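J.: There's a structure below that I have some questions on.
The values are calculated or read from the model by the stated rules, or taken from the named source; none is laboratory data. All of these numbers come straight from a predicted model, not from anything done at the bench. With ideal geometry, Cβ positions are generated from the backbone for all residues, glycine too; neighbour counts draw on all protein chains shown. Keep in mind that these areas ignore ligands, DNA and RNA; they rest on the heavy atoms of the full protein, side chains included. Shrake-Rupley method; radii C 1.70, N 1.55, O 1.52, S 1.80 Å.
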Amino acid sequence: MTTPVEASGLPTSDEAWDAFVAADPLGSYLQTSPWGRIKRANGWRPRRVVAGTAGGPIGAQLLVRHSGPLPWSFAYAPRGPVAAAWTPDAVAALGDALRQAARRGHRLSHVRIEPPVERDGPLDPYGSLRQALVANGWRPAPPIQPAASRIIDLTADEAALWGDLRSKWRQYVNRARRASIRVVDAEGDRLPEFYAIYRQTAARTGLLIRTEESYRAVWDAFRPLGMARLLFAEDEEGAAQAALFLLRCGDRVVEPYGGMTAAGASSRANYLLKWEAIRLSREAGATSYDLWGLVHAGIDQFKAGFGGREVHYVGAWDLVVDPLGHLATELGVRARAVYVRQVRARRLRGADDGDGAGRQGAASPPEGEP
């Protein structure tokens, strides 16, 4: 893979780093510089560690948080690292670079990564990547991002994509069309409508979401770069019945946020919306569509009806730099996670529960914490 890098050979500037991430077919928006800037508001400091190898660079954008009164910081690379080649040498080089970064005053307790690599797939044949991680001091850790997803290959023609839908799903798409449901692009002025739908859906399904301002921050960061898209399924009067908030990195489109109203469940607007999101992403030149997370049977079944392939990732891995700091920091992170969930649950407690739209895959889970 040809990687755009600086003269030093490593993509260290924001522009070079974002180009490096976008050039990787597995590159995620969670590893881009806009995401790092977004997370500053939540107390995370973005830092990059990049190493050169014979196969090209490997690196990660880390989100670093200091754990209150403790002297250590925890570093996390969501859907990272990014690698030109996933070789044992690259894994070793990254580990060395992270340990050097810890010695340069970061006082890291541990680093957690979640490589966007399919378990037992082409980059992990017979578990070879996981074996290389273990050999270099990494240990399995609790995942933060979804452990599995469904990926649709958009290089097929539209007829083939349509044919991959289950017959009942095609019927539901056509049913929504007969009900005069239409799919439209929207701009940031309609984010409050999106959030209202997303909030209702979260209340029905038990998913935890952030404040409306959090999604505004994502939109404001990615939309000017052409990396964000907001789609609504509307009825004849223009009332929104379903919504999807899409993010694009390179040739991959991801749907991290979405939901539907009770009326949308009845009209099957969410089926038409999902199909149009897939079709429009292909039309816009994307080569893959990531349905982002399989969290329970209802959502799994709903997403499976749109075709594609279920992918299970190699999981989360920790590199412990300071054993005592690791123990103390993990206890602090878990306590904070419980607190955050309690706060979000209180905010959502008064949300409208609709009239029984159910758990049928209306929403995608939010991108993990952080």
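J.: Among the residues of region 314-349, count how many are modelled with pLDDT under 70 and part of a loop (DSSP other than H, G, I, E, B).
T.: Matching residues across region 314-349 total 1.
J.: Which ones in region 190-238 are over 20 Å from Tyr289 (Cβ atoms) and outside any helix (DSSP H, G or I)?
T.: Matches in region 190-238: Gly206, Leu207, Leu208, Ile209, Arg210, Thr211, Glu234, Asp235, Glu236, Glu237, Gly238.
J.: What number of residues within region 83-98 are open to solvent by 10 Å² or more (accessible area, probe 1.4 Å), under 15 Å from Pro11 (Cβ atoms) and assigned to a helix (DSSP H, G or I)?
T.: 2
The rows are residues; the columns are (1) under 20 Å from the mean Cα position of the chain (by Cα); (2) at pLDDT below 95; (3) among the acidic types (Asp, Glu); (4) crowded, with 17+ Cβ neighbours inside 10 Å.
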| residue | (1), (2), (3), (4) |
| --- | --- |
| Leu272 | no, no, no, yes |
| Arg309 | yes, no, no, no |
| His312 | yes, no, no, no |
| Gly354 | no, yes, no, yes |
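J.: Could you list all residues from region 64-82 that are at pLDDT 85 or above and either open to solvent by 20 Å² or more (accessible area, probe 1.4 Å) or in a loop (DSSP other than H, G, I, E, B) (or both)?
T.: Arg65, Pro78, Arg79, Gly80, Pro81
J.: Still on this model: May I ask you to list pairs of residues, at least six apart or on different chains, whose Cβ atoms are under 6 Å apart, with the first in region 208-229 being in contact (Cβ under 8 Å) with a residue 60 or more places away in the chain and closer than 20 Å to Val184 by Cβ and the second being buried (at least 19 other Cβ atoms within 10 Å of the Cβ) and among the charged types (D, E, K, R)?
T.: Close Cβ pairs satisfying both conditions: Met227/Arg248.
J.: What do you reckon, is Thr201 among the hydroxyl-bearing types (Ser, Thr, Tyr), in contact with a strand residue (DSSP E or B) (Cβ under 6 Å, 6 or more places away or on another chain), in contact (Cβ under 8 Å) with a residue 24 or more places away in the chain and open to solvent by less than 10 Å² (accessible area, probe 1.4 Å)? Steps first, answer last, please.
T.: Working: among the hydroxyl-bearing types (Ser, Thr, Tyr): yes; in contact with a strand residue (DSSP E or B) (Cβ under 6 Å, 6 or more places away or on another chain): yes; in contact (Cβ under 8 Å) with a residue 24 or more places away in the chain: yes; open to solvent by less than 10 Å² (accessible area, probe 1.4 Å): yes.
The answer is yes for Thr201.
J.: For region 169-189, give me each residue that is open to solvent by less than 70 Å² (accessible area, probe 1.4 Å) and outside any helix (DSSP H, G or I).
T.: If the condition is that a residue be open to solvent by less than 70 Å² (accessible area, probe 1.4 Å) and outside any helix (DSSP H, G or I), then Ala179, Ser180, Ile181, Val183, Val184, Ala186 are the ones that fit.
J.: Turning to a different aspect of this structure: Check off (1) farther than 30 Å from Ala277 by Cα; (2) at pLDDT 95 or above; (3) aliphatic (A, V, I, L, M) for Val117 and give me the number that stays unchecked.
T.: (1)
J.: Turning to a different aspect of this structure: Kindly indicate whether Ala60 is outside any loop (DSSP other than H, G, I, E, B), of a type in the set (Gly, Ala, Ser), open to solvent by 10 Å² or more (accessible area, probe 1.4 Å) and in contact with a Pro (Cβ under 8 Å, 6 or more places away or on another chain).
T.: Taking the combined requirement at face value, the residue does not satisfy it.
J.: Let me ask another. Of the residues that make up region 121-144, is at least one in contact with a Ser or Thr (Cβ under 6 Å, 6 or more places away or on another chain) and open to solvent by less than 60 Å² (accessible area, probe 1.4 Å)?
T.: Here is the first cut: in region 121-144, the ones in contact with a Ser or Thr (Cβ under 6 Å, 6 or more places away or on another chain) are none.
Within region 121-144, none of the residues are in contact with a Ser or Thr (Cβ under 6 Å, 6 or more places away or on another chain) and open to solvent by less than 60 Å² (accessible area, probe 1.4 Å).
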